[in-house]
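Q: Just passing along the structure, written as structure tokens.
The values are calculated or read from the model by the stated rules, or taken from the named source; none is laboratory data. Here the structure is a predicted model, which is why all the values come from computation and not from measurement. Using ideal geometry, Cβ is built from the backbone for each residue, glycine included, and neighbour counts are taken over all protein chains shown. To get the accessible areas, we keep the full protein, side chains included, count just its heavy atoms, and leave off ligands, DNA and RNA. Shrake-Rupley method; radii C 1.70, N 1.55, O 1.52, S 1.80 Å.
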Amino acid sequence: MNSISVTAIYPGTFDPLTRGHSDLIARSAPLFKKTVVAVAASGRKQPLFSLSERITMAEAVVGHLPGVVVVGFDTLLAEFARSVGATVILRGLRAVSDFEYEFQLAGMNRHLAPEIETLFLTPAAEYSFISSSLVKEVAGLGGDINRFVDPLVAAALQERMR
Ligand code: COA
């Protein structure tokens, strides 16, 4: 497949990166010339892992994919997307329940950066019920999270939860 000659930015908190996120990034990599995985410093959440820890984990899991780079940001997404030359903001839609929030986000980002389009991909069905919070909750209660995160992330979570 010929990739589209465009840089896409895939923003998120990634606290931590799950197999759902990496599935989406693996789908994006062959589509776009470059996929910038943009790790948000904190946003509205109180992350369990620091920004540098989240970047390091994401790099270890998806950094080998062609055209994929992982960077942190603590500014407006629309501005950051412009600064890396992205013309597409990529977001995942797992279920209908994601739609309302994503619709608002896409609308606000269009207002802030009209030249950038938001595109949506869906993760594989087996990851459609995963979220970072649920994975943290299961890990915190001693449940098996290996199906949902990379072994490296699972080890970091188990260590942090101890
Ligand atoms: N597989 C599994 N889980 C997924 C997923 C996928 N493919 N896609 C999203 N999720 C989960 C995440 O794990 C997260 O779960 P959690 O709430 O339990 O932690 C949830 O869905 C949503 O997270 P995410 O996609 O990471 O988005 P977010 O809401 O954390 O991040 C930003 C939103 C970072 C994109 C947004 O806050 C932002 O742009 N911030 C920068 C500041 C800014 O510009 N603000 C104005 C925005 S208009």
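Q: Applying a 10 Å radius around every beta-carbon, put 153-160, 113-120 in order of their mean neighbour count, most first.
A: Working: 153-160: 17.0, 113-120: 14.5.
Put in order of decreasing packing, that is 153-160, 113-120.
Q: In sequence order, what are the phi-derived ³J(HN,Hα) couplings for the range 114-131 according to the Karplus relation 6.51 cos²θ - 1.76 cosθ + 1.60 with θ = phi - 60°, rounded to whole Hz, with x for glycine and proline?
A: x, 7, 9, 9, 8, 10, 10, 10, 10, x, 4, 3, 5, 10, 6, 9, 7, 9
Q: So what's the back-of-envelope 222 nm ellipticity for the chain, counting only DSSP H runs of four-plus at -39500 (n - 2.57) apiece and dividing by all residues, rounded to 500?
A: So the helix-based figure for the chain works out to -12500 deg cm²/dmol.
Q: Next question. Roll a 1.4 angstrom probe over the protein heavy atoms and tell me the percent of accessible area of the chain that is carbon or sulfur.
A: Here it works out to 56 percent.
Q: Would you mind computing Rg(Cα) / (2.2 N^0.38 Å) for the chain, counting N as its residues? Walk me through the numbers before you get to the answer.
A: Numbers: Rg = 15.2 Å, N = 162, 2.2 N^0.38 = 15.2 Å.
For the chain, the normalised Cα radius of gyration is 1.00.
Q: Sticking with this one: Normalised by the residues of the range 1-84, what does the relative contact order come to in percent, with Cα pairs under 8 Å and at least six apart? Display every interim value, and only then the final one.
A: Values: 130 pairs, mean separation 28.4, N = 84.
The value is 34 percent.
Q: Per residue of the range 29-41, in order, report the coupling 6.51 cos²θ - 1.76 cosθ + 1.60 (Karplus, θ = phi - 60°) as ³J(HN,Hα) in whole Hz, putting x for Gly and Pro.
A: 3, x, 7, 10, 4, 9, 10, 9, 7, 9, 8, 6, 3
Q: For I89, enumerate residues with amide H under 5 Å from its amide H, sequence gap 5+ or separate chain, H modeled in the peptide plane.
A: Close amide H contacts, sequence-distant or interchain: I9, E117, T118, L119.
Q: Beyond 17 Å, what percent of the Cα pairs of the range 16-85 remain?
A: Result for the distance tail: 43 percent.
Q: Return the FRET efficiency for the residue pair S133, N2: r is the Cβ-Cβ distance, R0 is 30 Å, and the value is rounded to the nearest 0.05.
A: With a Förster radius of 30 Å, E is 0.20.
Q: Can you give me the accessible area per residue for the range 4-161, using a 1.4 Å probe, in Å²? Walk me through the intermediate numbers first.
A: Working: 8140 Å² over 158 residues.
Per-residue value: 52 Å².
Q: Another question, then. If the only charges are +1 at each Lys and Arg Cβ and -1 at each Asp and Glu Cβ, what is the size of the charge dipole of the range 4-161 around the Cα centre, to the nearest 20 debye?
A: Using Cβ point charges on Lys, Arg, Asp and Glu, the range 4-161 gives about 180 debye.
Q: What figure in square angstrom, to the nearest 10, would you give for the accessible area of V138 with a 1.4 Å probe?
A: Around 50 Å² of this residue is reachable by solvent.
Q: With the contact rule set at Cα under 8 Å and sequence spacing of 6 or more, what percent relative contact order holds for the range 1-150? Before the final figure, lay out each step's value.
A: On the way: 238 pairs, mean separation 42.9, N = 150.
Contact order relative to length: 29 percent.
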